[in-house]
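K.L.:
I have a structure I would like to understand better, so I am pasting it below and will then ask my questions one at a time.
The values are calculated or read from the model by the stated rules, or taken from the named source; none is laboratory data. The structure presented is a predicted model; accordingly, all values stated were derived computationally and were not measured. So basically every Cβ, Gly included, is an ideal-geometry build from the backbone, and we count neighbours across all protein chains shown. The area values use the complete protein model at the heavy-atom level, side chains included, leaving out ligands, DNA and RNA. Shrake-Rupley method; radii C 1.70, N 1.55, O 1.52, S 1.80 Å.
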Amino acid sequence: MRHEDPSTFRQARKSPAPLYTPEQRLRRDSTPWTLVQGILAPLQFLIFLASAALVVRYLMTGEGAYAATVSIVLKTITLYTIMITGSIWEKVVFDKWLFAEAFFWEDVFSFLVLALHTAYLVMLIGDLGTERDRMLLALAAYATYAINAGQFILKLRAARLQGAAEASAPFTAAAA
(Lines give C-alpha, C1' and ligand atoms only; values in the text may rest on other atoms or scores of the structure.)
Protein backbone atom coordinates (compact mmCIF):
# COMPACT_ATOMS: atom_id res chain seq x y z
CA MET A 1 0.00 0.00 0.00
CA ARG A 2 1.31 3.40 -1.00
CA HIS A 3 1.38 6.25 1.47
CA GLU A 4 1.32 9.62 -0.11
CA ASP A 5 1.45 13.06 1.27
CA PRO A 6 -2.08 13.90 2.49
CA SER A 7 -1.93 17.20 0.66
CA THR A 8 -2.04 15.31 -2.64
CA PHE A 9 -5.49 14.08 -1.73
CA ARG A 10 -6.80 17.54 -1.13
CA GLN A 11 -8.64 18.93 -4.07
CA ALA A 12 -7.34 22.31 -4.99
CA ARG A 13 -10.39 24.43 -4.64
CA LYS A 14 -10.62 26.35 -7.83
CA SER A 15 -12.66 29.46 -7.91
CA PRO A 16 -14.99 29.61 -10.88
CA ALA A 17 -13.82 31.42 -13.95
CA PRO A 18 -14.66 35.10 -13.65
CA LEU A 19 -17.71 36.18 -15.59
CA TYR A 20 -15.99 39.25 -16.91
CA THR A 21 -12.44 40.19 -17.71
CA PRO A 22 -11.54 43.71 -16.60
CA GLU A 23 -12.07 44.92 -20.19
CA GLN A 24 -15.47 43.22 -20.43
CA ARG A 25 -16.50 44.70 -17.08
CA LEU A 26 -15.56 48.14 -18.36
CA ARG A 27 -17.59 47.62 -21.54
CA ARG A 28 -20.50 46.25 -19.49
CA ASP A 29 -20.46 49.26 -17.18
CA SER A 30 -20.15 51.82 -19.97
CA THR A 31 -22.76 50.56 -22.45
CA PRO A 32 -26.32 51.88 -22.28
CA TRP A 33 -27.49 48.34 -23.09
CA THR A 34 -26.73 47.34 -19.50
CA LEU A 35 -29.29 49.87 -18.30
CA VAL A 36 -31.77 48.70 -20.94
CA GLN A 37 -31.40 45.12 -19.70
CA GLY A 38 -31.65 46.32 -16.11
CA ILE A 39 -35.00 47.97 -16.88
CA LEU A 40 -36.44 45.28 -19.16
CA ALA A 41 -35.66 42.30 -16.92
CA PRO A 42 -37.74 43.40 -13.92
CA LEU A 43 -40.44 44.81 -16.22
CA GLN A 44 -40.71 41.45 -17.97
CA PHE A 45 -40.85 39.71 -14.60
CA LEU A 46 -43.73 41.92 -13.44
CA ILE A 47 -45.60 41.26 -16.70
CA PHE A 48 -44.93 37.55 -16.20
CA LEU A 49 -46.39 37.59 -12.68
CA ALA A 50 -49.54 39.43 -13.77
CA SER A 51 -49.95 37.27 -16.85
CA ALA A 52 -49.40 34.02 -14.95
CA ALA A 53 -52.12 35.07 -12.51
CA LEU A 54 -54.49 35.82 -15.41
CA VAL A 55 -53.73 32.51 -17.12
CA VAL A 56 -54.25 30.54 -13.91
CA ARG A 57 -57.49 32.46 -13.29
CA TYR A 58 -58.71 31.50 -16.75
CA LEU A 59 -57.74 27.86 -16.29
CA MET A 60 -59.47 27.68 -12.92
CA THR A 61 -62.65 29.64 -13.74
CA GLY A 62 -62.92 29.78 -17.53
CA GLU A 63 -63.15 33.56 -17.23
CA GLY A 64 -60.82 36.26 -18.47
CA ALA A 65 -59.53 34.59 -21.64
CA TYR A 66 -59.13 37.90 -23.45
CA ALA A 67 -57.15 39.54 -20.63
CA ALA A 68 -54.95 36.46 -20.29
CA THR A 69 -54.35 36.35 -24.04
CA VAL A 70 -53.40 40.04 -24.20
CA SER A 71 -51.04 39.57 -21.25
CA ILE A 72 -49.34 36.57 -22.90
CA VAL A 73 -48.84 38.52 -26.12
CA LEU A 74 -47.42 41.45 -24.12
CA LYS A 75 -45.11 39.08 -22.22
CA THR A 76 -43.95 37.56 -25.53
CA ILE A 77 -43.25 40.98 -27.07
CA THR A 78 -41.27 41.90 -23.97
CA LEU A 79 -39.38 38.61 -24.22
CA TYR A 80 -38.45 39.27 -27.87
CA THR A 81 -37.35 42.79 -26.94
CA ILE A 82 -35.13 41.59 -24.11
CA MET A 83 -33.66 38.86 -26.32
CA ILE A 84 -32.79 41.30 -29.09
CA THR A 85 -31.36 43.94 -26.76
CA GLY A 86 -29.60 41.21 -24.78
CA SER A 87 -27.85 39.95 -27.89
CA ILE A 88 -26.71 43.51 -28.61
CA TRP A 89 -25.46 43.75 -25.02
CA GLU A 90 -23.55 40.47 -25.43
CA LYS A 91 -21.99 41.72 -28.67
CA VAL A 92 -20.81 44.91 -26.97
CA VAL A 93 -19.51 43.18 -23.82
CA PHE A 94 -18.24 39.82 -25.15
CA ASP A 95 -17.93 40.50 -28.90
CA LYS A 96 -20.42 37.69 -29.63
CA TRP A 97 -24.07 38.18 -30.53
CA LEU A 98 -25.11 35.21 -28.41
CA PHE A 99 -23.66 32.19 -26.64
CA ALA A 100 -20.74 34.02 -25.04
CA GLU A 101 -19.00 31.55 -22.74
CA ALA A 102 -20.11 33.35 -19.58
CA PHE A 103 -23.80 33.13 -20.57
CA PHE A 104 -23.82 30.09 -22.83
CA TRP A 105 -26.33 27.92 -20.91
CA GLU A 106 -28.57 30.87 -20.10
CA ASP A 107 -28.73 31.65 -23.82
CA VAL A 108 -29.41 28.03 -24.73
CA PHE A 109 -32.30 27.87 -22.28
CA SER A 110 -33.53 31.28 -23.47
CA PHE A 111 -34.09 29.75 -26.89
CA LEU A 112 -36.35 27.11 -25.37
CA VAL A 113 -38.29 29.88 -23.63
CA LEU A 114 -38.50 31.80 -26.90
CA ALA A 115 -39.59 28.69 -28.83
CA LEU A 116 -42.46 28.01 -26.42
CA HIS A 117 -43.63 31.63 -26.47
CA THR A 118 -43.42 31.62 -30.28
CA ALA A 119 -45.39 28.36 -30.43
CA TYR A 120 -48.08 30.09 -28.40
CA LEU A 121 -48.22 32.95 -30.93
CA VAL A 122 -48.40 30.47 -33.81
CA MET A 123 -51.29 28.68 -32.12
CA LEU A 124 -53.04 31.98 -31.39
CA ILE A 125 -52.61 33.49 -34.86
CA GLY A 126 -53.40 30.19 -36.58
CA ASP A 127 -56.36 29.55 -34.29
CA LEU A 128 -54.85 26.16 -33.49
CA GLY A 129 -56.00 24.11 -30.54
CA THR A 130 -58.45 25.27 -27.95
CA GLU A 131 -58.16 28.30 -25.72
CA ARG A 132 -57.29 25.93 -22.89
CA ASP A 133 -54.56 24.26 -24.98
CA ARG A 134 -52.99 27.65 -25.66
CA MET A 135 -53.17 28.64 -22.00
CA LEU A 136 -51.51 25.37 -20.97
CA LEU A 137 -48.76 26.04 -23.50
CA ALA A 138 -48.38 29.53 -22.04
CA LEU A 139 -47.95 27.99 -18.59
CA ALA A 140 -45.25 25.67 -19.95
CA ALA A 141 -43.54 28.71 -21.51
CA TYR A 142 -43.80 30.53 -18.19
CA ALA A 143 -42.33 27.60 -16.27
CA THR A 144 -39.28 27.61 -18.57
CA TYR A 145 -39.09 31.40 -18.27
CA ALA A 146 -39.05 31.12 -14.47
CA ILE A 147 -36.14 28.66 -14.64
CA ASN A 148 -34.32 30.92 -17.10
CA ALA A 149 -34.91 33.98 -14.92
CA GLY A 150 -33.43 32.01 -12.03
CA GLN A 151 -30.36 31.25 -14.13
CA PHE A 152 -29.85 34.94 -14.80
CA ILE A 153 -30.43 35.90 -11.16
CA LEU A 154 -27.75 33.41 -10.10
CA LYS A 155 -25.42 34.81 -12.74
CA LEU A 156 -26.09 38.36 -11.55
CA ARG A 157 -25.32 37.29 -8.00
CA ALA A 158 -22.08 35.66 -9.16
CA ALA A 159 -21.12 38.87 -10.96
CA ARG A 160 -21.79 40.91 -7.81
CA LEU A 161 -19.73 38.50 -5.70
CA GLN A 162 -16.92 38.65 -8.26
CA GLY A 163 -17.03 42.44 -8.19
CA ALA A 164 -16.97 42.49 -4.39
CA ALA A 165 -14.06 40.03 -4.31
CA GLU A 166 -12.12 42.10 -6.83
CA ALA A 167 -12.83 45.28 -4.88
CA SER A 168 -11.59 43.75 -1.62
CA ALA A 169 -8.56 42.03 -3.19
CA PRO A 170 -6.23 45.05 -2.81
CA PHE A 171 -7.13 45.29 0.88
CA THR A 172 -6.63 41.56 1.41
CA ALA A 173 -3.28 41.64 -0.38
CA ALA A 174 -2.18 44.70 1.62
CA ALA A 175 -3.10 42.98 4.89
CA ALA A 176 -1.06 39.91 4.00
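K.L.:
Would you say L114 is under 13 Å from the mean Cα position of the chain (by Cα) and within 30 Å of L54 (Cα to Cα)? Give the derivation first.
P.N.:
Values: under 13 Å from the mean Cα position of the chain (by Cα): yes; within 30 Å of L54 (Cα to Cα): yes.
Yes: the conditions hold for L114.
K.L.:
Further question on the same structure: Can you pull out every residue in segment 100-148 that is at pLDDT below 95 and touching a Ser or Thr at 6+ places or on another chain (Cβ under 6 Å)?
P.N.:
N148, the sole residue that qualifies.
K.L.:
Also, I was wondering about something else. For A53, indicate whether it is free of Cβ contacts under 8 Å to residues at least 12 places away in the same chain and either crowded, with 20+ Cβ neighbours inside 10 Å or small (G, A, S) (or both).
P.N.:
It is true that A53 is free of Cβ contacts under 8 Å to residues at least 12 places away in the same chain and either crowded, with 20+ Cβ neighbours inside 10 Å or small (G, A, S) (or both).
K.L.:
Please give the number of the condition L98 fails out of (1) in a helix (DSSP H, G or I); (2) surrounded by 15 or more Cβ atoms within 10 Å (Cβ to Cβ).
P.N.:
Of the numbered conditions (1) in a helix (DSSP H, G or I); (2) surrounded by 15 or more Cβ atoms within 10 Å (Cβ to Cβ), the odd one out for L98 is (1).
K.L.:
Residues of segment 57-110 being out of contact with any helix residue (DSSP H, G or I) (no Cβ under 6 Å at 6 or more places or on another chain), under 20 Å from L137 (Cβ atoms), of a type outside the set (D, E) and without any contact (Cβ under 8 Å) to a residue 12 or more places away in the chain, which ones?
P.N.:
R57, M60, T61, G62, Y66, V70, I77
K.L.:
When you check Q37 against the structure, is it under 17 Å from the mean Cα position of the chain (by Cα), farther than 20 Å from F99 by Cα, modelled with pLDDT of 80 or more and polar (S, T, N, Q), yes or no?
P.N.:
no
K.L.:
Which residue out of S87, S51, S30 is farther than 30 Å from A165 by Cβ, at pLDDT 95 or above and among the small types (G, A, S)?
P.N.:
Working: S87 fails: farther than 30 Å from A165 by Cβ; S30 fails: farther than 30 Å from A165 by Cβ.
Sole residue among the options that is farther than 30 Å from A165 by Cβ, at pLDDT 95 or above and among the small types (G, A, S): S51.
K.L.:
Now for a separate question. Would you check if T69 is buried (at least 18 other Cβ atoms within 10 Å of the Cβ), hydroxyl-bearing (S, T, Y) and out of contact with any Pro (no Cβ under 7 Å at 6 or more places or on another chain)? Steps first, please.
P.N.:
On the way: buried (at least 18 other Cβ atoms within 10 Å of the Cβ): yes; hydroxyl-bearing (S, T, Y): yes; out of contact with any Pro (no Cβ under 7 Å at 6 or more places or on another chain): yes.
Here the answer is yes, as T69 does meet what is asked.
K.L.:
Can you confirm whether segment 149-160 contains a residue that is at pLDDT below 95, within 20 Å of V73 (Cβ to Cβ) and open to solvent by less than 50 Å² (accessible area, probe 1.4 Å)?
P.N.:
If we filter segment 149-160 for residues that are at pLDDT below 95, which is where we start, we get 149-160.
Subset that is within 20 Å of V73 (Cβ to Cβ): 149.
Checking which are open to solvent by less than 50 Å² (accessible area, probe 1.4 Å) leaves us with 149.
Checked segment 149-160: at least one residue is at pLDDT below 95, within 20 Å of V73 (Cβ to Cβ) and open to solvent by less than 50 Å² (accessible area, probe 1.4 Å).
K.L.:
Turning to a different aspect of this structure: Answer yes or no as to whether Q24 is part of a helix (DSSP H, G or I), within 19 Å of I153 (Cβ to Cβ) and either modelled with pLDDT under 95 or not aliphatic (A, V, I, L, M) (or both).
P.N.:
no
K.L.:
Among (1) surrounded by 14 or more Cβ atoms within 10 Å (Cβ to Cβ); (2) free of Cβ contacts under 8 Å to residues at least 40 places away in the same chain; (3) closer than 30 Å to L26 by Cβ, there is one condition M123 misses while meeting the rest; what is its number?
P.N.:
Failing condition for M123: (3).
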